[in-house]
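Undergrad: Right, I'll just put the structure down here and ask away after.
The values are calculated or read from the model by the stated rules, or taken from the named source; none is laboratory data. Quick caveat: nothing in here was measured; it's all calculated off a predicted structure. Cβ: placed from backbone, ideal geometry, glycine included. Neighbour counts: every protein chain shown.
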Amino acid sequence: MVKISIPTLPKAPLLPRSGLSILPIPEAASYLARFLENGKGQTVMLTGAGVSVDSGIRAYRGEKGTYSNPNYKPILYHELVEDSDRGDMFRRRYWARSFLGYPPVRDAQPNPTHIYIAALQHLGLAPKLITQNVDNLHRKAYSLISPNYDKSSILELHGTLAKVHCLKHRHEQTRDVYQEDIARMNPVWDEESKEAERTGQRPRTNPDGDVELHGVDYRSFSVPPCRICEREKLKSSMVKPNVVFFGETITAEVRDASLDLIANSSSLLILGTSLATYSAYRLVKLAVEHKKPILMITTGPTRADPFMGNGLDKMDRVAGDVLGKYLDEAVKTSTGQEVEDVKRYLHTGVVKRPPAVEGPRAEG
Ligand SMILES: [Zn+2]
């Protein structure tokens, strides 16, 4: 862990817990500095959709816990894997929409908040990260600062859109390879996708990487088999992106890894999430039970708000504002290779807000 000292930040005043949200940014950054210092390099971070909004990735849920797109009905896990003609149609629909919806996710770039979070990891202030996001942006950010970063330092609680696997044999492939297979088997759809890229008229992409299409006959779409099953002359089973679907539970392996990270942490820093998913909320509950100090920096109400005053402090603020101020000061007054690595990328994140949510649209 890099020794960080920040004489330039004002001391955070003693405040009632409810007062954290009104701290001016420099005092808020100072509060964060003390929180990380007390964590002694064993602080674990937990992030959600809020940190990816500036990269143009739409949040599932708005501030009141509702879907930010009222018309969005995500495909459910049991529909995707149903072994029937109906399931077959669900899969065609899912992969057709996902084929068109994936390129903007694939091309999304880390925003400043992703860079700040990677910086905290790289400086050893909070080396481990648990994210609910499936957009791969934490990895893109960390690999900018440190191409050989420890891949196990990021746990994707709900998986990643960057990979797919077949259900029976769990052969894993990159999503890019599977996209190529889809394109080759579906030249008409591929043409549609390229046209959308050319004209910039991309259909709106939902956070799990699919799009809404209306009046489309999905029977014209072919779902490619698993490449590895094909090569090994096995009967290919269904191919699924490495993401946890609605109605699907996370694997025991990922669940246990996430619980272990919390149990072995000194404190928990929660950034940009309403903790609407149970798999994330459960981690906060565990941290409270273990009496770990918790600092949450996010806007709007969250599922963990009832823990406030019970070990959990909350700043109702955009996480990146506080992290950015803290890191600006931290790299000014600290030295070492890690600090130099961070300095080089600290202000390189892109900001590309998603388009405003459209009003309700008629189906069909
Ligand atoms: Zn396979």
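Undergrad: Could you go through region 112-123 and let me know if any residue there is modelled with pLDDT under 95 and not in a helix (DSSP H, G or I).
TA: Of the residues in region 112-123, the ones modelled with pLDDT under 95 are none.
Within region 112-123 (the criterion being modelled with pLDDT under 95 and not in a helix (DSSP H, G or I)), the answer is no, since none of the residues qualifies.
Undergrad: Quick check on region 161-204: of everything there that is β-branched (Val, Ile, Thr) and either within 15 Å of the ligand (Cβ to nearest atom) or assigned to a loop (DSSP other than H, G, I, E, B) (or both), which residue is farthest from the chain's Cα centre (by Cα)?
TA: So in region 161-204, the residues β-branched (Val, Ile, Thr) come out as 164, 174, 177, 182, 188, 199.
Among the residues that remain, those that are also either within 15 Å of the ligand (Cβ to nearest atom) or assigned to a loop (DSSP other than H, G, I, E, B) (or both) are: 164, 174, 177.
Working: Val164: 17, Thr174: 18, Val177: 22 Å.
Top of the filtered list is Val177.
Undergrad: Let me ask something additional. It is to be established whether one or more residues within region 225-241 are modelled with pLDDT of 90 or more, away from the ligand (no atom under 16 Å from the Cβ) and not basic (Lys, Arg).
TA: Taking every residue of region 225-241 in turn, none turns out to be modelled with pLDDT of 90 or more, away from the ligand (no atom under 16 Å from the Cβ) and not basic (Lys, Arg).
Undergrad: With the structure loaded, tell me whether Asp135 is in a loop (DSSP other than H, G, I, E, B), acidic (Asp, Glu) and out of contact with any strand residue (DSSP E or B) (no Cβ under 6 Å at 6 or more places or on another chain) or whether it fails that test.
TA: Details: in a loop (DSSP other than H, G, I, E, B): yes; acidic (Asp, Glu): yes; out of contact with any strand residue (DSSP E or B) (no Cβ under 6 Å at 6 or more places or on another chain): yes.
Here the answer is yes, as Asp135 does meet what is asked.
Undergrad: Let me ask you something else. Looking only at region 50-65, decide whether some residue is outside the structural domain of Val134 (by TED's automatic domain parsing), modelled with pLDDT under 95 and over 25 Å from Asp135 (Cβ atoms).
TA: No, the conditions are met nowhere in region 50-65.
Undergrad: Mind checking whether some residue in region 72-87 is within 30 Å of Gly200 (Cα to Cα), of a type in the set (Lys, Arg) and free of Cβ contacts under 8 Å to residues at least 12 places away in the same chain?
TA: At the first step, the residues of region 72-87 found to be within 30 Å of Gly200 (Cα to Cα) are 72-76, 80.
Within this subset, residues satisfying the condition of being of a type in the set (Lys, Arg) are 73.
Narrowing the set further to residues that are free of Cβ contacts under 8 Å to residues at least 12 places away in the same chain leaves 73.
Scanning region 72-87 turns up at least one residue that is within 30 Å of Gly200 (Cα to Cα), of a type in the set (Lys, Arg) and free of Cβ contacts under 8 Å to residues at least 12 places away in the same chain.
Undergrad: Give me the pairs: first residue in region 224-235 and part of a loop (DSSP other than H, G, I, E, B), second residue at pLDDT 90 or above and more than 8 Å from the ligand (Cβ to nearest atom), beta-carbon distance under 7 Å, and six or more apart or on different chains, which are they?
TA: Pro224/Tyr178; Pro224/Asp181; Pro224/Ile182; Pro224/Met185
Undergrad: Another question, if that's okay. Looking at region 317-330, I want the residues that are in the same structural domain as Ser274 (by TED's automatic domain parsing) and charged (D, E, K, R) and have a partner that is surrounded by 24 or more Cβ atoms within 10 Å (Cβ to Cβ) and at pLDDT below 95 with Cβ atoms under 9 Å, at least 6 apart or on another chain. Which pairs are those?
TA: none
Undergrad: Just wondering, is there one or more residues in region 257-276 that are within 16 Å of the ligand (Cβ to nearest atom) and surrounded by 20 or more Cβ atoms within 10 Å (Cβ to Cβ)? Steps first, answer last, please.
TA: Applying the first criterion (within 16 Å of the ligand (Cβ to nearest atom)) to region 257-276 yields none.
The answer is no; no qualifying residue exists.
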